[in-house]
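The values are calculated or read from the model by the stated rules, or taken from the named source; none is laboratory data. Treat the numbers as computed from the prediction; the structure is a model and nothing was measured. Because the Cβ atoms are built from the backbone with ideal geometry, glycine has one as well, and the counts that use them run over all protein chains shown. The area values use the complete protein model at the heavy-atom level, side chains included, leaving out ligands, DNA and RNA. Shrake-Rupley method; radii C 1.70, N 1.55, O 1.52, S 1.80 Å.
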Amino acid sequence: MEKQRFSELLLEYLDGSLSKEEMEEVNEHLKQFPESRQELDELKQLFNAFGEEKVSVPSDRLRINFEAALEAEKEMQSKVVPLDRKENKSVWASNVLKIAASIALLVASFQMGSFFQQKQVDQDIVQLENETLQMKQTVMLSLMENQSASKRIQGVHYIEEIPEPDEAVVIALANRMLNDENDNVRLTAFEALSRFTASETVKNVFIEALGREKNPSIQIAIIQVLVQIQEKKAVEPMQRLLEQEDTQPFIKEQIKTGLPKII
């Protein structure tokens, strides 16, 4: 059997619509020419792909364009002079392959377009989120340097909108807690930093503040947090507070209660 004859019968062979004689003719050709089986396998894979693939539904415009093209193809076929059976098979096979290829191209184009469009949207969202976060941090840092204590407190509160502040923000909060002249600002900065006690920078700030802070309420709050996280580096500054005569009695009681939990 010639290769052209084999190609003409291939689709009907897969469809099971060949006569017994033609079926035997194709099988014999496959035995004699093993390389022809590759062509058969590739066509099977193409048909299986159309049967199994779940694709997104194309837009109405895509469907209308395809239907118009299909109607034009039908109209052209109706004007063609009928050929004999073999020629009809060849034309039919050729048209089916063309239509299948067109569908595959349209579907692939639609899917690729959707993929790249979604990817661009995701990138834009990430970029917008980063820019928004950067803006919040800039506003926060600016407010914490304001002359008004209420504005500085407002700036500290911005930390609630920054889930993972960078080192510059942590240092700015530490500076407010250690050096701000207003008790309320220092307490607010402490409360903000207490959300990040896993940070070594924050732990060191609390230990330093323990030896500098004079407001009893803030002292108690710092001691409680250091005991809660069992920070061993806090033992020495706590013992120094116990030895100081000017340390408030209730502060000493808090230290005596907490130290055994650390040691």
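Computed values, structure above
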| quantity | calculated |
| --- | --- |
| Shape call, the stretch 174-263: gyration tensor on alpha carbons, a/c limit 1.5 | oblate |
| Solution diffusion estimate, µm²/s, Stokes-Einstein, the stretch 140-205, Kirkwood Rh from C-alpha pairs, 4 °C, viscosity 1.567 mPa s | 113 µm²/s |
| Pairs from 233/261; 203/252; 136/214; 203/256; 151/203 whose Cα-Cα separation, in the structure shown, is over 24 Å | 136/214; 151/203 |
| Residue 243-residue 183 FRET efficiency (beta carbon distance; Förster radius 30 Å; 0.05 resolution) | 0.75 |
| Residue-count net charge about residue 262 - beta-carbon cut-off 13 Å; Lys, Arg +1, Asp, Glu -1 | +3 |
| Simple spin-label estimate for residue 235 and residue 164 in nanometres, 7 Å along Cα-Cβ | 3.4 nm |
| Solvent-accessible area of residue 178 with every protein chain in place, 1.4 Å probe, in Å² to the nearest 10 | 40 Å² |
| Integer Hz, Karplus 6.51/-1.76/1.60 couplings in order for the stretch 210-220, x for Gly and Pro | 4, x, 10, 5, 10, 7, x, 4, 6, 4, 4 |
| Total formal charge among the other residues, if their Cβ is under 14 angstrom from that of residue 152, Lys/Arg +1 and Asp/Glu -1 | -2 |
